[in-house]
Amino acid sequence: MSERTIDYYTKLGLIRPETRTQTNYRLYSSETLLRLTRINEMKREKYSLEEIREKLKQWEKLTGEEVTEKLSALEIHMQQLEREVKELQPIISKLSPNQAKRAFAELMPQSLACIEALRIILNQGPFS
């Protein structure tokens, strides 16, 4: 990432320097590196810088209790989905290869989006 980009992100308030040196150079923390990684991932997902700023503000507001509640709700939802998949196994096994391929093609983008969202929350969320 270029110095110019870092300056721009600082001016926008997406990142903040930890401290400044006596010669007024900005020093950033390792947490800022994680934040820059999140920003880059969100840019790849086509978020605008304004949307990224808002999302980062939301993450900063979250408390540990709120995160725990959301993760618990996600866990319960995942368990429900696992039960539903087990119930569908007999039906899925009876599909022809073409039918299975079509079903898979329709479900895959949604499934990948859910998996990616969980990965971001668990590995790179505000408390990682």
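Applying 1/(1 + (r/R0)^6) with R0 = 35 Å to the Cβ-Cβ distance of A103 and L34, what FRET efficiency is obtained, to the nearest 0.05?
Rounded to the nearest 0.05, the efficiency is 0.40.
Enumerate by residue number the chymotrypsin sites (Phe, Trp or Tyr not before Pro) in the stretch 1-70 meeting two conditions: DSSP loop (anything except H, G, I, E, B), and at most 15 other Cβ atoms within 10 Å of the site's Cβ.
Y25, Y47
Take a quick pass over the chain and tell me how many lysine pairs come in under 25 angstrom between Cα atoms, counting only ones 8 or more apart or on separate chains.
Counting lysine pairs in the chain gives 19.
Describe numerically, in nm with one decimal, the distance between label points set 7 Å from Cα along Cα→Cβ at E18 and at C114.
3.9 nm
Which value in deg cm²/dmol, rounded to the nearest 500, describes the helix-derived mean residue ellipticity at 222 nm for the chain, given -39,500 (n - 2.57) per DSSP H run of n ≥ 4 and division by the residue count? Write out the running numbers ahead of the final one.
On the way: 5 runs with 96 residues, N = 128.
Only helices count here, giving -25500 deg cm²/dmol.
Expected output is a single nm value to one decimal: the length gained when fully extending between L95 and Y47, i.e. 0.36 nm times separation in residues minus the C-alpha distance. What is it?
In short, 13.5 nm is gained.
Between Y8 and E60, what's the calculated FRET efficiency when r is the beta-carbon distance and R0 is 25 Å? Round to 0.05.
Values: r = 20 Å, r/R0 = 0.80.
Once rounded, the FRET efficiency stands at 0.80.
Summing Lys, Arg as +1 and Asp, Glu as -1, what charge do residues with Cβ under 13 Å from the Cβ of E60 carry, E60 excluded?
Here the charged neighbours net out to +4.
In the chain, which longest range has no trypsin sites (Lys or Arg not before Pro) that are both DSSP loop (not H, G, I, E or B) and surrounded by at most 14 other Cβ atoms within 10 Å?
Working: sites that count: K46, K94.
My reading of the result: 47-93 is the longest stretch.
No lab work stands behind these numbers, since they all come straight from the coordinates. Bear in mind the structure is a predicted one, so any value in this text is a computation, not a measurement. Please note: Cβ atoms are built from the backbone with ideal geometry, for glycine as well, and neighbour counts cover all protein chains shown.
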